[in-house]
């Protein structure tokens, strides 16, 4: 199974350096926090996926964008990356990973937590909504606990 790594750099003036890497793909891009903050969207998407709900979130590159899709099905999670081409809004699948909680959700969650611990100016980027992050942290802890006791 391919190991997923998601890394966020230091935000600057509403732009967030982002790297996503697996054994099959490496993406490096700068995401905008307009029209929506992609970090908050990622947090919300992980909450939905942990509740068994299919979800998508957008990394706006102005004018193009990457769309990360999470589709839970039982113990498995399909993670898709689509690229949307600006004005056309045509979506092209560029990567697909079939994984599980530990290979998809956990690396993304850890990336959010690490990003939230960075010190940066409010004018560069807003912090993750703490209520959402707390909810996600509880869901992740519950899932980890469930998996540990299941073994």
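All of the numbers you see were taken from the coordinates with simple rules; none came from a lab. These numbers were taken from a predicted model, which means no experiment stands behind them. Virtual Cβ from ideal backbone geometry, glycine too; neighbours counted across all protein chains shown.
I want to check the label-to-label distance for residue 146 and residue 3. Put each point 7 Å from Cα in the C-beta direction and report it in nm to one decimal.
2.6
Classify the chain as rounded, prolate or oblate, taking a ≥ b ≥ c as the square roots of the eigenvalues of its Cα gyration tensor: rounded when a/c is under 1.5, otherwise prolate if a/b is larger than b/c and oblate if not.
oblate
Can you tell me how segment 92-151 classifies by the Cα gyration tensor, rounded, prolate or oblate, using a/c under 1.5 as the rounded cut?
It comes out oblate by the Cα gyration axes.
Quick check on segment 1-68: take the gyration tensor over C-alpha atoms, sort the square-rooted eigenvalues as a ≥ b ≥ c, and tell me if it's rounded (a/c under 1.5), prolate or oblate.
oblate
Residue separation times 0.36 nm, minus the C-alpha to C-alpha distance between residue 21 and residue 53: what's the value?
Gain on extension, residue 21 to residue 53, equals 9.1 nm.
Any chance you could check the Cα centroid distance between segment 80-109 and segment 5-73 for me, in angstrom?
Taking the Cα centre of each part, segment 80-109 and segment 5-73 sit 8 Å apart.
Counting alpha carbon pairs within less than 8 Å and at least 6 residues apart, what relative contact order, in whole percent, applies to segment 5-150?
21
Using a Förster distance of 22 angstrom, determine the FRET efficiency expected from the C-beta separation of residue 135 and residue 73, and round it to 0.05.
0.50
Per DSSP helix of 4 or more residues, -39500 (n - 2.57); summed, then divided by the residues of the chain. What does that give at 222 nm, rounded to the nearest 500?
-10000 deg cm²/dmol
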